[in-house]
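No value in this document is a laboratory result; all are computed from the given coordinates. From a predicted model like this one, the values you see are computed outputs, not experimental measurements. Heads up, the Cβs are rebuilt from the backbone with ideal geometry, glycines too, and the neighbour counts pull from every protein chain shown.
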Amino acid sequence: MVLSGLDQLKAAMNEDERLQKARRERIRESFEAPVLALEGYASLLSDQFGTLVDDQLAKALAADQARIDAAIAQLKALVSEALDWAGSNADGHADDSQADADSQRIRHDMRNALGAVTGYAELIAEALEDEGSLGEPVAVCLTRLQRESETLLGTLDQLDPGARADGPGVAGQGEVEAIFESLGQADERADDIPGRILVVDDNESNRSLLAHQLTVQGHEVHTAASGRAALALMDESLPDLVLLDLMMPDMNGFEVLKIMHARAELRNVPVIVITGLHDQQGVVRCIEAGAQDYLVKPLNPVILRARMRACLERKAWRDREQRYQRQLERSYEFIRKVFGRYLSDDVVRQILDEKDGLKLGGGLQKVTIMMTDLRGFTELSQKLAPTDVVSLLNLYLEEMSAIIVRYGGTIDEIIGDAILVLFGAPLAQADDAGRAVACALEMQLAMDKVNAQAAQLGLPAVEMGVGINTGEVVVGNIGSEIRSKFAVVGHHVNLTGRIESFSVGGQVLVSEYTAAEIGEALECGRSFEVDAKGIDQSVTLHEITGIGEPWSVRLEPADEALVELEVPLPVRFTELTDKKLDGPDLAGQIEALGSHRAVLSCVGPLDTMVNLRLRAAPAPAAIGSDARLEIYAKVIEPCTARGPGRYHIVLTSVAASARLRALVNKAPPASGA
């Protein structure tokens, strides 16, 4: 918009008037600041006299202090007169001769008053020094009095007798012009930030006028005639800013502030208190109660607009910051949730919360390791559709994972149907071994639920073996900067894998090291010694049937009856090592059969815990194609009651047991039957 010549002249005059006013205020500040400082230090000085032991000296010093106070009071009056004189001189209302006379008189009287302040202060210092009572607080006060007096004299000397307010001798003139130049470079008419404003005032005229002004400025304005009505409106919808009258009959503005400050949802709503009271204590109380600002009626529209803009801008930044914070929290929670599917909560927390959570490396730590595996699952997965395999695994893993988390285990890895669980990493606890065993027992008990759910989906039943071991391993982030994982490595990890391989479906085996950690709370069944591949020394393993307090988890006793076969089933079998055939093809026969166990007779001796692959021996065609069915089993112990060459074996899966029984039922009857 192009201004007319008259408008430009008016603008220039207004700018000149602002500059003149600012210069006068700068002069006032230059005079008043040192006088107020003198008054403050004089008060501090008088406080020190109460510690004097000599009452007569204290009275004498109090008299000198009174003279200092009188001189400062005179200085304050002279400063007021000097400021009036400076204002008249700046406006051109005083002639030069009178201005010179007034200036000389004011200078003379001010110098005398300052001389009295410094003179009596020196007398006090000398008296205290002679008495040995000139401590540091008194010395500091006297030094500051002297310095402020010199400051005031310097300010007085800058004011030339006949100078106008825009002349070269005016104090602070350069500073004022520099400030105005900076303000001129800024955008004085910054864009208003529209907001939802709540005007609270019991005077209808005030409310209407203010609401009209704010609406014109682009704000959405709501009004309330009382404090209670204002709080009710804020309950319905939060405003961006509240203009709050202090004096109201039902609930004053200060009470509204206290309620807003006590409520979390209202605490961050900015409030500008508007009142007709000129009360410094009221200002302090309102600011302490949560008000952002305090304006006194009658309101200056320009000042109000600027204060509102500042409050709305701060609130906009705070709202934006809170939105960003909520977004960060959602992202953080999303990361936790996603990674929590692959890592335990403790590992995720360590990675996200700790400064070096992703740093490669590890340390030696004592942990209890649990490995689980579904028996016969590899064979089963070859016969099921891929979707059925995944469905069965998900049923199993969902139930097992919930139990592991409940017992504080860290799921380190899931490889197909196998689970590697850590107790004591990354967070170690005194009962790690006990929790691991209790967890394993409860997992075995939960297999009935898994199989019931599988049956509803038309899926076969499965069994799980568990091995547990305790020892020191290396724990940490292992890998590279491109790909790494939280893992454990070491001898005891390998040993745990061997222990798990010795277990059969429904069984929990623990090493002697884990048993020693738990002690008497452990309830054991059969114990036996094994020599595991890659392990230098033999290890004693314990079959766990239960654990006592504080967990109290026990397996149901397995009392399986074996049914004697009328005609033993001929089989060929071969020993397995690491799931590979290792040894000659031997002949034997199944003499008795149960749901999970059987009695195998053969000529040669068999080692305890050895794995076998069984095949039905060639038989008449009436048996059908299942005669060549492969079945896997584990030798548990010799069956001495039946005589030599007979062994108890455990079938590795429920499916294998069912197929073997079906094979027995298809066999032809004995001769003469």
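Amide H neighbours of Val273 under 5 Å, at least 5 residues apart or on other chains, H built in the peptide plane: list them.
So Val273 has HN proximity to Leu244, Gln292, Asp293, Tyr294, Leu295.
Work out the FRET efficiency for Arg661 and Asp607 from their Cβ-Cβ distance, taking R0 = 35 Å, and round it to the nearest 0.05.
Computed FRET efficiency for Arg661 and Asp607: 0.85.
Which one, Leu246, Trp317, Gly227, is farthest towards the positive end of the dipole of segment 196-319 when Lys and Arg carry +1 and Asp and Glu -1 on their Cβ?
The residue sitting farthest along the positive end of the dipole is Trp317.
Search the structure for amide H atoms under 5 Å from the amide H of Glu413, placed 1.01 Å from N in the peptide plane, and list their residues when 5 or more places away or on another chain.
Residues meeting the amide H criterion: Leu420.
With a cap of 14 neighbouring Cβ atoms within 10 Å, and only residues DSSP puts in a loop, list the trypsin sites (Lys or Arg not before Pro) found in segment 459-501.
Arg483
Using alpha-carbon pairs under 8 Å, 6+ residues apart, how would you state the relative contact order of segment 357-554 in percent?
Averaging sequence separation for qualifying contacts and normalising by length gives 25 percent for segment 357-554.
Can you pull the one-decimal nm distance between simple spin-label points at Ser80 and Ala452, each 7 Å off the Cα toward Cβ?
9.4
I'd like the FRET efficiency for Glu131 and Ala62, computed as 1/(1 + (r/R0)^6) with the beta carbon distance as r and R0 of 25 Å, rounded to 0.05.
FRET efficiency, Glu131 to Ala62: 0.95.
Taking the Cβ-Cβ separation of Arg323 and Leu209 as r and a Förster radius of 30 Å, what is the calculated FRET efficiency to the nearest 0.05?
Once rounded, the FRET efficiency stands at 0.30.
Give a residue-ordered list of calculated ³J(HN,Hα) values for segment 431-438 (Karplus: 6.51 cos²θ - 1.76 cosθ + 1.60, θ = phi - 60°; whole Hz; x for Gly, Pro).
9, 4, 5, x, 5, 4, 5, 4
With each pseudo-label sitting 7 Å past Cα toward Cβ, what's the Thr577-Ser480 distance in nm, one decimal?
In this crude spin-label approximation the distance works out to 3.5 nm.
What is the spin-label model distance, in nm, from Asp279 to Arg526 if the labels are put 7 Å beyond Cα along the C-beta direction?
Rounded to a tenth, the inter-label distance reads 9.1 nm.
Using amide H atoms built 1.01 Å from N in the peptide plane, name the residues 5+ places from Glu463, or on other chains, whose amide H lies under 5 Å from its own.
Arg375, Val654
In nm, what is the difference between 0.36 nm times the number of residues separating Glu288 and Ile415 and their Cα-Cα distance?
Gain on extension, Glu288 to Ile415, equals 39.6 nm.
On full extension of the chain, what length is gained from Glu313 through Asp250, given 0.36 nm per residue of separation minus the C-alpha to C-alpha distance?
Between Glu313 and Asp250, full extension yields 19.5 nm more.
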